[in-house]
């Protein structure tokens with residue numbers, strides 16, 4: 001909630017002391033959502049390349065585009081403006097297609113992201129992550145890209161449904177309006193039996209694709225086999241609560 005970024009050098013022998021000062025994002029709140037957007041709230045660091053990182057800022061309704069200076073210090077070189085009050089949380093990028101999961105209005109947005117840092121990204125579509133009725137405060141959490149790059153998986157949390165929170169599945173299809181772009185098409189959503197999905201991860205292993213998700217407030221950890229991209233088959237469960245994230249080594 002301090003709205004800052006610190007770059008810590010990593011070498012073969014471990015972490016080194018930071019060589020550059022903390023970067024402060026230039027947003028002074030509040031935003032439209034007074035409870036969640038009182039200040040800058042950077043929520044993820046996504047590395048597009050060695051010369052650009054993207055940082056969705058839930059508080060500022062922006063995605064900051066950073067590039068290294070001549071001295072190696074990360075600097076803001078551009079931004080992507082999101083809808084007011086959307087609360088961008090996580091992103092995925094396929095070529096120039098930028099997919100943004102907005103937590104506060106529970107939507108998935110698709111942008112065309114130019115290579116030039118100072119250029120403006122254009123929004124293609126925005127659609128809900130769930131077609132089910134949800135109580136106030138429900139929101140999206142994690143956005144995963146299938147290893148083959150053909151599907152997106154968006155988690156919905158605090159749905160209030162007896163069958164648990166859902167994972168929405170989107171298929172990336174060729175756009176009829178933008179040559180070369182891949183539009184996300186909502187396929188379906190799968191109830192998980194988990195409550196307040198916060199962390200999820202997807203990985204290909206031994207010729208199969210696995211999706212693991214956790215319910216912070218209930219349901220523990222569940223492992224799903226991703227079959228054909230559009231089906232999630234539960235194969236394992238562990239009764240471990242309050243899990244918020246994973247590191248798959």
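The values are calculated or read from the model by the stated rules, or taken from the named source; none is laboratory data. Just so it is clear, the model here is predicted, and its values are computed rather than measured. Counting neighbours? That spans all protein chains shown, and the Cβs are built from the backbone with ideal geometry, glycine included.
Annotations
- Near pairs, Cβ below 9 angstrom, 6+ apart or cross-chain, from the stretch 231-249 (on the phi < 0 side of the Ramachandran plot and loosely packed, with under 12 Cβ neighbours inside 10 Å) to any residue that is assigned to a loop (DSSP other than H, G, I, E, B) and modelled with pLDDT of 95 or more: 239/219
- Qualifying positions in the stretch 153-173 - more than 15 Å from residue 187 (Cα to Cα), over 16 Å from the mean Cα position of the chain (by Cα) and part of a strand (DSSP E or B): none
- Members of the stretch 116-131 found to be part of a loop (DSSP other than H, G, I, E, B), surrounded by 15 or more Cβ atoms within 10 Å (Cβ to Cβ) and modelled with pLDDT of 90 or more, listed by number: 129, 130
- Test for residue 143: is it surrounded by 15 or more Cβ atoms within 10 Å (Cβ to Cβ), in contact with a strand residue (DSSP E or B) (Cβ under 9 Å, 6 or more places away or on another chain), in contact (Cβ under 8 Å) with a residue 60 or more places away in the chain and part of a strand (DSSP E or B): no
- Test result for residue 248, under 21 Å from the mean Cα position of the chain (by Cα), modelled with pLDDT under 95 and either under 22 Å from residue 134 (Cα atoms) or part of a loop (DSSP other than H, G, I, E, B) (or both): yes
- Within the stretch 171-187, residues that are in contact (Cβ under 8 Å) with a residue 60 or more places away in the chain and on the phi > 0 side of the Ramachandran plot have Cβ atoms under 6 Å from residues that are assigned to a strand (DSSP E or B) and surrounded by 14 or more Cβ atoms within 10 Å (Cβ to Cβ) in no pair, counting only partners at least 6 apart in sequence or on another chain.
- Selected residue (criterion: nearest to residue 94 (Cα to Cα)) from residues of the stretch 172-186 that are at pLDDT 95 or above and surrounded by fewer than 17 Cβ atoms within 10 Å (Cβ to Cβ): 173
- Given (1) modelled with pLDDT under 95; (2) surrounded by 19 or more Cβ atoms within 10 Å (Cβ to Cβ), index of the condition residue 12 fails: (2)
- Condition broken by residue 241, with the remaining ones in (1) at pLDDT below 95; (2) closer than 26 Å to residue 109 by Cβ satisfied: (2)
- Residue under evaluation residue 109, criteria (1) in contact with a strand residue (DSSP E or B) (Cβ under 7 Å, 6 or more places away or on another chain); (2) surrounded by fewer than 20 Cβ atoms within 10 Å (Cβ to Cβ), criterion not met: (2)
- The stretch 1-17 - residue that is assigned to a loop (DSSP other than H, G, I, E, B) and under 26 Å from the mean Cα position of the chain (by Cα) and, of those, farthest from residue 72 (Cα to Cα): 1
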